[in-house]
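Taking it in order: structure first as structure tokens, then the write-up.
The values are calculated or read from the model by the stated rules, or taken from the named source; none is laboratory data. Not measured: the values here are computed from a predicted model. As a convention, Cβ positions derive from the backbone with ideal geometry for all residues, glycine included, and neighbour counts pool all protein chains shown.
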Amino acid sequence: MKNTVPAGRFRPIMILVLSVLSLVGYGQLRMPPVFSSNMIFQQGVKVPVWGRALPNETIQVAFGEQRVTTLTGKDSCWKVELKPMKATFEQRELRVTGKKSSITYHNVVVGEVWICSGQSNMEYPMQLYPGYAQPLKGDNLAAVELGKPENSLIRIYNCSRNGSKTSWSPADGESLKASSAAGYFFARAVQEKLNVPVGIITAAVGGTHIEAWTATEDYRRSSLFAPLLEAGGGQVGEQIPGTWYNAMIAPLIPYAVKGFLWYQGENNCAKRDTMYAEKYKILVEGWREKFDLKAAPFYYVLLAPHIYSDRLHNKSRNAVTAEDLPLFRQQQLKGAAITSNTDYIVVSDLVDDLRDIHPSYKWEVGRRLAGLALAKTYGILNIPCSGPRMKSTHITGDSIVVTFDHFGDGLKTIDQKRLSWFEIAGPDHQFHPALAEIRGKNEVVVFHPDIKNPLGVRLGWHETAIPNLVNGDHLPVSPFSTGL
């Protein structure tokens with residue numbers, strides 16, 4: 001069957017891909033690094049396969065029973081699409097044949113593929129870097145996993161920072177060492193529940209801002225950010241956009257994936273970023289457009305408690321305060337509110353040391369992200385996917401009643417102590433630590449003996465706040481503020 005796809009349509013993408021193509025010699029058939037043996041193709045969608053060869057060269061792509069042929073364009077680029085396939089554990093070969101050469105990839109399966117991106121907490125590897133803390137509670141489950149036999153149902157691809165050749169690998173003690181712990185445990189939970197192969201592509205770099213992961217042209221198209229980009233001489237604030245997008249995301253396009261996991265924001269929080277929500281929306285919509293996945297799910301991590309106000313580099317006149325983390329979380333929450341098909345998890349209970357910006361328990365981070373995907377993307381019922389979230393408030397006498405959703409079989413405290421980190425404000429708009437009591441399954445009554453006319457309520461409004469309110473699945477409450 002012949003299926004010719006106009007190469008010119010994909011030239012902007014191919015220009016970006018050129019920087020990381022594994023070049024063997026001029027004119028030879030060659031493929032981008034994301035294609036290798038042991039890879040996973042995304043089920044249920046058309047699967048792009050692309051590369052370079054001589055202009056006007058006939059290219060045939062064979063996978064399973066499919067045979068697709070096309071001609072290389074004048075710019076040496078070619079691209080075909082395989083028909084949608086069902087997930088399978090069958091190990092097949094992908095064979096790409098040109099006029100004088102061919103490339104064969106072995107042990108290729110079909111399943112679910114997710115991209116995991118962000119900064120150091122997403123990069124945080126299965127084998128801890130020197131200086132990273134061991135968990136204080138329980139075993140280091142990542143270390144335990146490294147000692148297990150190979151799991152060929154999970155495939156790992158770690159993007160190169162400098163364009164060097166990398167390959168897909170089955171999950172084993174060696175390939176997992178440098179892999180994202182959150183990403184791996186996400187993949188494991190999804191694989192076990194769906195019983196299909198799962199692949200994760202990790203593109204994460206510590207100490208990076210969201211601007212670096214966003215294509216410059218996406219800011220140029222924004223009426224909000226285009227003037228800032230021009231006024232900043234090609235920068236948005238203090239950041240040059242696109243640096244890591246160009247290096248690690250663009251070379252993947254248009255590889256077929258299911259969705260995206262995002263764990264980033266620490267650097268933007270430390271800069272007191274008040275436009276993060278809008279930046280997040282631009283990043284999400286830009287990636288979706290470029291991967292041709294208009295409704296692809298984006299799931300992210302709400303930042304954990306951490307003492308940003310006392311970090312060694314926090315010496316500028318614009319230094320953050322203890323209130324800036326909850327303010328930044330409001331930006332993260334706003335990002336979900338203004339961007340379709342995106343949601344978040346809370347990890348406030350996974351912190352051993354408030355001065356450690358790299359909390360342990362990434363296996364639980366991955367499990368909670370998987371809960372979102374299984375419930376919202378894959379439609380599996382009765383999957384816990386969120387802790388309590390404030391639904392509404394109303395004033396009753398000298399109290400404010402907060403109603404929560406995602407309460408499971410009922411609200412409770414994780415430590416059997418009084419509810420913590422609730423605050424209430426009266427007519428003077430000053431918040432004060434409040435008393436709070438659970439009423440029924442999904443309500444909390446908040447009050448203060450000296451405040452007779454309450455107007456506002458908030459929870460977790462401090463960088464060190466670890467509220468003890470959870471639902472029946474032991475998932476922690478999301479911080480909130482009703483404002484005044």
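Considering only the stretch 257-272, I want to know if a residue exists there that is free of Cβ contacts under 8 Å to residues at least 40 places away in the same chain, assigned by TED's automatic domain parsing to the domain that holds Val320 and either within 19 Å of Ser120 (Cβ to Cβ) or of a type outside the set (A, V, I, L, M, F, W, C) (or both). Within the stretch 257-272, none of the residues are free of Cβ contacts under 8 Å to residues at least 40 places away in the same chain, assigned by TED's automatic domain parsing to the domain that holds Val320 and either within 19 Å of Ser120 (Cβ to Cβ) or of a type outside the set (A, V, I, L, M, F, W, C) (or both). No other residue among Gly379, Gly410 is in a loop (DSSP other than H, G, I, E, B), of a type outside the set (Phe, Trp, Tyr) and in contact (Cβ under 8 Å) with a residue 12 or more places away in the chain apart from Gly410. Note on the stretch 382-407: residues that are in contact (Cβ under 8 Å) with a residue 12 or more places away in the chain and touching a strand residue (DSSP E or B) at 6+ places or on another chain (Cβ under 7 Å) total 15. Just one of the numbered conditions (1) within 30 Å of Pro197 (Cβ to Cβ); (2) surrounded by fewer than 16 Cβ atoms within 10 Å (Cβ to Cβ); (3) modelled with pLDDT of 95 or more; (4) not aromatic (Phe, Trp, Tyr) is not true of Leu29: (2). Beta carbons closer than 9 Å, at least 6 apart along the sequence or on distinct chains, pair a first residue in the stretch 320-338 that is assigned by TED's automatic domain parsing to the domain that holds Ile210 and closer than 11 Å to Phe480 by Cα with a second that is surrounded by 20 or more Cβ atoms within 10 Å (Cβ to Cβ) and among the charged types (D, E, K, R) for Pro326/Arg458; Pro326/Glu463. Condition first: assigned to a loop (DSSP other than H, G, I, E, B) and surrounded by fewer than 21 Cβ atoms within 10 Å (Cβ to Cβ). Now tell me which residues in the stretch 436-460 satisfy that. Answer for the stretch 436-460, where residues must be assigned to a loop (DSSP other than H, G, I, E, B) and surrounded by fewer than 21 Cβ atoms within 10 Å (Cβ to Cβ): Gly440, Lys441, Asn442, Pro449, Asp450, Lys452, Asn453, Leu455.
If you take the residues of the stretch 146-163 that are touching a residue at least 40 places away in the same chain (Cβ under 8 Å) and not in a strand (DSSP E or B), which of them is nearest to Ile200 (Cα to Cα)? Once the filter is applied, the top-ranked residue is Cys159. Going residue by residue through the stretch 413-420, is there one that turns out to be in contact (Cβ under 8 Å) with a residue 40 or more places away in the chain and under 29 Å from the mean Cα position of the chain (by Cα)? Yes, the conditions are met somewhere in the stretch 413-420.
Quick grid of which residues meet (1) touching a Ser or Thr at 6+ places or on another chain (Cβ under 8 Å); (2) closer than 30 Å to Gly371 by Cα; (3) crowded, with 21+ Cβ neighbours inside 10 Å:
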{"position": "Leu228", "(1), (2), (3)": "no, no, no"}
{"position": "Glu238", "(1), (2), (3)": "no, no, no"}
{"position": "Pro241", "(1), (2), (3)": "yes, no, yes"}
{"position": "Asn246", "(1), (2), (3)": "yes, no, no"}
{"position": "Tyr255", "(1), (2), (3)": "no, yes, yes"}
{"position": "Asp273", "(1), (2), (3)": "no, yes, yes"}
{"position": "Tyr276", "(1), (2), (3)": "no, yes, yes"}
{"position": "Tyr280", "(1), (2), (3)": "yes, yes, yes"}
{"position": "Glu289", "(1), (2), (3)": "no, yes, no"}
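Identify, please: which residue in the stretch 336-390 is small (Gly, Ala, Ser) and surrounded by fewer than 17 Cβ atoms within 10 Å (Cβ to Cβ) and is, among those, nearest to the chain's Cα centre (by Cα)? By that ranking, first place goes to Ser340.
Quick check on the stretch 161-169. Is at least one of its residues buried (at least 20 other Cβ atoms within 10 Å of the Cβ) and within 18 Å of the chain's Cα centre (by Cα)? The answer is no, given that none of the residues of the stretch 161-169 is buried (at least 20 other Cβ atoms within 10 Å of the Cβ) and within 18 Å of the chain's Cα centre (by Cα).
Name the residues in the stretch 32-62 that are of a type in the set (A, V, I, L, M, F, W, C), under 30 Å from the mean Cα position of the chain (by Cα) and either under 19 Å from Ala203 (Cβ atoms) or crowded, with 20+ Cβ neighbours inside 10 Å (or both), would you? Listed by number, the residues that qualify are Val34, Phe35, Met39, Ile40, Phe41, Val47, Val49, Trp50.
Matching residues to (1) over 30 Å from Tyr308 (Cα atoms); (2) part of a loop (DSSP other than H, G, I, E, B):
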residue	(1), (2)
Val196	yes, yes
Ile200	yes, no
Thr208	no, yes
Leu224	no, yes
Gly234	no, yes
